[in-house]
């Protein structure tokens with residue numbers, strides 16, 4: 001038996017050991033196997049079998065829905081809040097919604113009026129068991145000293161712990177994180193209260209350090225304003241003092257996997273882009289509470305397109321069935337997706353007792369057909385790390401001697 005390579009791509013580096021990596025979703029692969037059908041196949045023939053292995057990209061777009069401040073809906077316009085989450089439920093399969101993120105200010109009057117929390121619970125409860133989501137307390141959800149009795153009563157960690165996407169929380173559930181998969185990517189999203197405490201920031205740093213290979217998103221209530229400047233102070237209704245500048249310095253810029261920051265708080269929309277160590281970080285703010293009826297039901301649809309490496313942002317109101325089409329509410333961001341790196345692992349080609357093994361993506365295996373009973377030749381990619389195994393076969397007819 002001989003094995004020789006006819007390669008368009010040869011792995012020049014020794015295989016990285018990825019077997020122990022913990023991923024929720026492995027990248028599918030496909031393997032192709034062929035030979036010259038005009039070559040006579042007899043017992044003792046040496047036949048060249050061409051093989052190639054490649055990843056199967058997930059080309060299906062997916063979406064993250066962002067719910068801006070809903071405080072006036074909970075106070076005055078319950079039908080609008082309910083229309084938002086009902087629309088998500090009705091369209092989550094069509095849009096391939098991977099996650100819903102609430103930026104805080106769920107209600108208007110912190111612990112003063114429980115009926116606002118009852119409504120918010122009803123609206124957000126539509127998402128339970130349907131699509132992963134995260135919440136956080138804005139300044140209107142907490143008392144002056146940061147106490148959030150009703151927030152932690154209606155949105156405790158226990159509400160989410162049954163779901164596999166739940167990561168954990170601190171300070172009750174005022175700061176929490178979730179893990180989800182979409183478009184063959186693994187995501188980590190942190191939800192941080194308005195002006196978090198030092199303890200919460202240290203906890204979040206630990207979460208980011210624990211998941212360095214996940215695409216990182218941070219949602220917090222107050223971060224930038226309409227001109228893109230980071231908010232420099234914390235006023236009241238929090239037990240912490242970490243403003244947006246502190247969060248940038250402690251949680252965003254130092255961690256190479258954080259690429260998106262989502263926020264609300266300031267009526268209007270804003271965005272800024274920074275580059276740190278060749279990493280682009282998009283920081284987006286949307287809060288429509290200054291519009292009629294406390295926001296008219298507008299939410300953000302972030303559509304991720306893996307094959308185009310971009311995010312398309314749309315602003316839509318299920319309540320009005322209307323889009324905002326201006327440049328501040330509908331735009332695109334370059335965002336590299338589906339970069340799986342070099343395919344790694346072993347390929348085995350076998351015909352009866354004869355076989356050869358390679359650690360390449362494309363090549364030629366020369367096998368000796370030593371029996372007329374051989375009916376097929378098999379090719380198997382064993383998979384490694386994030387790459388799933390795959391196999392195929394070709395039928396052969398071996399004539400006797």
Could you check what % of the DSSP bridge pairs in the stretch 62-334 are antiparallel, to the nearest 5? 65
Rounded to one decimal in Å, the inverse mean reciprocal Cα-Cα distance for the chain, i.e. its Kirkwood radius, is 23.6
Mean shadow area of the stretch 173-215, taken as a quarter of the surface of its Cα convex hull (nm²): 3.2
Using a cut-off of under 14 Å, list every residue of the stretch 228-261 whose amide N is near the label point 7 Å from the Cα of residue 291 along the Cα-to-beta-carbon line. none
Note down the nm distance, to one decimal, between modelled labels 7 Å out along Cα→Cβ at residue 30 and at residue 42. 3.7
Taking the simple approach of a point 7 Å from Cα along Cα-to-Cβ for both residue 331 and residue 118, what is their distance in nm? 4.2
Each label sits 7 Å from Cα toward the beta-carbon; between residue 149 and residue 278 the label points are separated, in nm, by 5.4
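Bear in mind that the values in this text are calculations on the coordinates, not laboratory data. The model shown is predicted, which means the values in this text are computed figures rather than measured ones. Because the Cβ atoms are built from the backbone with ideal geometry, glycine has one as well, and the counts that use them run over all protein chains shown.
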